[in-house]
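Heads up: the structure comes next, in structure tokens.
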Amino acid sequence: MTDQSTSEGGPANAAARLRYVRGQMAKACAHVERAPAGVQLVAVSKTFAAAEIEPVLAAGQRAFGENRVQEANAKWPALRERFPDTELHLIGPLQSNKVKDAAALFDVIHTVDRASLCAALAKELARSGRLPRLLVEVNTGAEAQKAGVLPENADAFLRDCRESYGLTIEGLMCIPPFDEAPAPHFALLAKTAARNGLSTLSMGMSADFTTAIEFGATLVRVGSAIFGSRPATTAAT
Ligand SMILES: *Cc1c(COP(=O)(O)O)cnc(C)c1O
């Protein structure tokens, strides 16, 4: 790897880092003979201000990830007026009382993970007639502090989403444990999705998106490799 893979010592601006990430994605696709169009880059702009996001929009990036509904609502309506074809992804935990706001703002929610949230989403669907695209988060490392359904409960949860709540789930998402090799977690997520007939796999971040692509990721969520490092307190959330 070259020194361009991280913000420190890499290209000085976000547009150049975006190009670099896109190049790495293309190489990873070529390596496993996947079509580059089958992997979407979600640029994770959490904690970054509109002024820092604008150059990335200007460089042509149109899918962005945020982990807080309130923060996204403060930044994105104005940016979207200028870049109306922007697609927004919620990649952080969603509280049931924020479902209405989240449904109004986001195009994809990656973090469906419990029955009470399904109930709130079903209610919003009944109220408005539409919902964002939905992914179920799987806690592949069974970490106590992490959101997501446990791998052994995933099949039953997916059935419940469909049969009890009438929700269409498009795919799965995971965040592997920080201190473990990610590959087995990506493999587990891909296997769980295949068993349940799901086509979308949201996996891979700045440190491991090329590995995720090799394991079948269709969405990679890349923040710091594009925007630079975040304050330490929010880096892991
Ligand atoms: C912050 C975050 C990312 C991006 O992390 P980087 O390491 O900066 O690429 C991806 N996914 C989720 C769920 C996140 O919270």
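Computed from the coordinates by the stated procedures, all read-outs in this text should not be read as laboratory data. Small disclaimer: the values here were computed from a predicted structure and weren't measured. Reconstructed Cβ throughout: ideal geometry from the backbone, glycine too, with neighbour counts over all protein chains shown.
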With the contact rule set at Cα under 8 Å and sequence spacing of 6 or more, what percent relative contact order holds for the chain? 22 percent
Ranked from fewest to most other Cβ atoms within 10 Å of their own Cβ, C29, C174 fall in the order C29, C174
About the Cα centre, charge dipole magnitude for the range 22-95 (Lys/Arg +1, Asp/Glu -1 at Cβ), debye: 140 debye
Please work out how many pairs of lysine residues in the chain are eight or more positions apart (or on different chains) and have Cα atoms closer than 18 angstrom. 6
For the range 119-183 and the range 77-95, what is the separation of their C-alpha centers, rounded to whole Å? 20 Å
Dipole check, the range 1-117, charges on Cβ (K,R +1; D,E -1), about Cα centroid: among P36, L18, F48 the Cα furthest to the positive pole belongs to P36
Give me the number: length gained by fully extending R82 to A144, i.e. 0.36 nm times residue separation minus the C-alpha to C-alpha distance, one decimal in nm. 18.2 nm
Compute from the Cα atoms of the chain the Rg and the Dmax, the latter being the longest Cα-Cα distance, and quote both in angstrom. 17.1, 51
